[in-house]
Each structure stands twice: as C-alpha cells, then as structure tokens.
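For reference, the structure discussed in these notes is given below.
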Amino acid sequence: MLWPILRQWMAMYFCSAALAQYSSDQCSWRGSGLTHESRSRDVEQVYLRCSQGSLEWLYPTGALIINLRPNTQSLSGVSSSLHACIKPQAGSRGAHIYLERGGQLRLLMAEKEQGQVKCFSLTEGALFVEAVSQTNISRRITAFQYELVTDYSPGIHTHTGPCTLCTDTQILMAVCTSDFVGRGSIDGTDTPSSSNSSIDVLLSRLFRQKTRVFSWGGASGKGWSGHLNTHSQCWLQSGEEFLFMGAVRFGEAWLGCAPHYHYFLKLYQNALETGSNPCHIDTD
C-alpha cells in the first residue's frame, strides 16, 4: 500500500533534486517548509554526520529523507550494531516518521504518537519524514533530538515492541556495554503514564556508571540510589534483588536487562568456568 506513495515521492524528488536545499556534515538541521510552498511535494535530503544532534522543521510541507551517519562510519556499509534513537520534542507535530529502505516504507512514529523515545538499527534504512496534509500549516513544528549508539541494549524502547526479554548471551554482554550496572532492589514505583513508568532503585553495590545515574547517600544510610525509566509493561517485583543494567538516552536512564541477581551469579560463574564471559566483573 505504501509503495505507490513512495514511488510518487521519489519521482517528485528526482524531478526537483536540483532545486532542493541540502545540509551535509552537520550535527543539527533547521529548515522551513515555506521554501516548498510552490512545490508542496518536494523531497529534501538531509545529511547528519554526528553522534547526536537535533532536527527542527518549521511549517512542514513535502518530505525529508534524513541520513544519519557518524563521521567515522565507512562508506562501504553500516554496522549492524549501530542504532539511532530519536526523542520528539514536546508539542512536535505536523509529520509522520517512517523508516525507508529499498523503496519500502515502515511507520516508525505517527504524528499523534510523538511522545516517546524510539530506537532502530541504521541497517533498517533512513528516516523518511512526511508532512501531514493540511490547509493551515501555521504553528506546526516537527522537532526531535537524535543519538547514535553502538552499545544498544535490548528492552529500551524499540519500534518492534517494549520490554524485550534478555537472553543469557545478552545479559553477559550487557554487563560489558551498559552505561550503568548495579546490584540492588526497587524502593518505589511511580504511577505509570500511558506507556512509560519509572522506578526508584537502591543499590547495595554499584559496579559502574558512565554518567551520574546513581548518587551516594551513605550519610543517610541509603547507599547508592537512583531513578530509572522503563516501559509500563515491564514489571519487576519489589523486595527482590536484581542486577540493573541499561543506557542513558538524552540525559535519562532507561532500564535494559535486569535479571535476578542470584540467576546472574549462576550464569556468570558458568561463563567463567567455560571461558565464555565477554568481560570481567568483580562479584566477590
């Protein structure tokens, strides 16, 4: 169903490519659909070459093809481990966001769904941002932040579904690649929104954190404590001990793999005995 639409877009793009505006080797892009007022079906190419940045499209008309690549990425291809995460700004509207690959479009985020972080592999294609047809484009702004990550963790808001169950291999790898790793329990849970919730965590031991996710409250007898975001469908039992691992996206900590700690110890011990542990963690 989407193929005829994309074919029409591409035909219009090749006819107007010489007139379209381009942005290359930039971390962020800002443009206006008013430049398309006489050519409302234009498709404009945008090239973003940084690990993080933003896009702001005022009065969206036509469409954008957004090519996300780090400036160190080989032109011969894109690593399957490289992912992009996008976070719409509050009030972003005026466009649907698709993934485009080989002439096929797959919806990533509809205009009315632009309220949560979505991540995807760069091998799945470029972002295709299509303006929603409307008679009045005033006060319409499509805007989002993006980050490119190579150590993507399962369970952090993918378009394929929330709260992916980590395999044993993924658990062991998450110990090596997560932005934070800590042993502890849940101290409280916030009231979830339509799709997201958050948990307060107390740690008996902090193994690693790249940014300040957990703060020390030893003077008050609380040890390490922090606040983690998760999907409302990801349910963890209070009072039980977990190994919390995850990633920091756009300044917020998101829970990834969280196995029971006793299960992780058994898994890690078996990996040590067989030499299959990808990295070392001091569990003594």
Would you mind stating whether Glu130 is surrounded by fewer than 18 Cβ atoms within 10 Å (Cβ to Cβ) and either over 24 Å from Thr230 (Cβ atoms) or out of contact with any Ser or Thr (no Cβ under 9 Å at 6 or more places or on another chain) (or both)?
no
Hits in the stretch 172-208 (condition: modelled with pLDDT of 90 or more, surrounded by fewer than 19 Cβ atoms within 10 Å (Cβ to Cβ) and within 21 Å of the chain's Cα centre (by Cα))
Cys176
Would you confirm, using the coordinates I've provided, whether Trp3 is touching a strand residue (DSSP E or B) at 6+ places or on another chain (Cβ under 7 Å), surrounded by fewer than 16 Cβ atoms within 10 Å (Cβ to Cβ) and either part of a helix (DSSP H, G or I) or at pLDDT 85 or above (or both)?
yes
Of (1) at pLDDT 75 or above; (2) hydrophobic (A, V, I, L, M, F, W, C); (3) under 21 Å from Ser51 (Cβ atoms), Ile156 satisfies all except one. Which?
(1)
Of the numbered conditions (1) surrounded by fewer than 12 Cβ atoms within 10 Å (Cβ to Cβ); (2) of a type in the set (D, E, K, R); (3) modelled with pLDDT of 90 or more, Arg212 satisfies every one except a single condition; which is it?
(3)
Across (1) within 30 Å of Tyr263 (Cβ to Cβ); (2) modelled with pLDDT of 90 or more, Ser80 clears everything bar (2)
Against the condition surrounded by 12 or more Cβ atoms within 10 Å (Cβ to Cβ) and either in the same structural domain as Gln89 (by TED's automatic domain parsing) or at pLDDT 90 or above (or both), how does Thr169 come out, does it pass?
yes
Determine which member of the set Ile65, Ile97 is aliphatic (A, V, I, L, M), surrounded by 22 or more Cβ atoms within 10 Å (Cβ to Cβ) and modelled with pLDDT of 90 or more.
Ile97
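The values are calculated or read from the model by the stated rules, or taken from the named source; none is laboratory data. Values in this document were obtained by computation on a predicted structure and should not be read as measured data. With ideal geometry, Cβ positions are generated from the backbone for all residues, glycine too; neighbour counts draw on all protein chains shown.
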